[in-house]
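Engineer: Here you go, one structure.
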Amino acid sequence: MTFLLIKRLVMQLNVMNVCVRPDAYTYTSFTSEEAETMAAVVDVEKCTGCESCVPVCPVEAIVMENGKAVISEDDCIECGVCVDECPEGAISMPG
Ligand code: SF4
Ligand code: SF4
């Protein structure tokens, strides 16, 4: 959990274009507007509502709504775990 908190702090600093050891992280600076579009995305046409992705999210950013997975753009830390977990290939990372 400490790692996740540090990761989130680093991402927030990068959003503010504050340099945080660029050699140690793969993140690049991006604007707040770009950051809002970088959460994982669910293709509702592919999602079967199996709920496999919900428990694997380390920050509980995925909830089920009307039988489909929905990812909170505010909470997603872009770890990619749900992308690998989805048996339908319904989740992707933008960019
Ligand atoms: S990418 Fe990671 S943080 Fe974002 S919704 Fe998927 S599991 Fe959760
Ligand atoms: S794992 Fe994939 S198919 Fe299952 S609920 Fe999540 S997005 Fe939908």
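Engineer: Only residues that are assigned to a loop (DSSP other than H, G, I, E, B), in contact with a Ser or Thr (Cβ under 6 Å, 6 or more places away or on another chain) and within 11 Å of ligand 2 (Cβ to nearest atom): list them for the stretch 36-88, please. Please lay out each step first, then the result.
Structural biologist: Step one: list which residues in the stretch 36-88 are assigned to a loop (DSSP other than H, G, I, E, B), which gives 36-40, 43-61, 66-67, 72-80, 86-88.
Narrowing the set further to residues that are in contact with a Ser or Thr (Cβ under 6 Å, 6 or more places away or on another chain) leaves 61, 88.
Hit for the stretch 36-88 is GLU88, nothing else.
Engineer: Report the residue count in the stretch 49-87 for those that are of a type in the set (D, E, K, R), at positive phi and near ligand 1 (Cβ under 10 Å from one of its atoms).
Structural biologist: So the count comes out to 2.
Engineer: Show the residue pairs that are 6+ apart or on different chains and have beta-carbon atoms under 8 Å apart, the first residue being within the stretch 43-56 and touching a residue at least 40 places away in the same chain (Cβ under 8 Å), the second being more than 6 Å from ligand 2 (Cβ to nearest atom) and of a type in the set (S, T, N, Q).
Structural biologist: Between residues of the stretch 43-56 that are touching a residue at least 40 places away in the same chain (Cβ under 8 Å) and residues that are more than 6 Å from ligand 2 (Cβ to nearest atom) and of a type in the set (S, T, N, Q), the close pairs are ASP43/SER92.
So that you can scan it fast, the table gives a plain yes or no per residue for (1) closer than 19 Å to PRO94 by Cα; (2) modelled with pLDDT under 95:
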position	(1), (2)
ALA24	no, yes
THR31	yes, yes
GLU36	yes, yes
GLU51	no, no
ALA61	yes, no
VAL83	yes, no
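The values are calculated or read from the model by the stated rules, or taken from the named source; none is laboratory data. From a predicted model like this one, the values you see are computed outputs, not experimental measurements. Quick reminder, even Gly has a Cβ in these numbers, built from the backbone with ideal geometry, and neighbours come from all protein chains shown.
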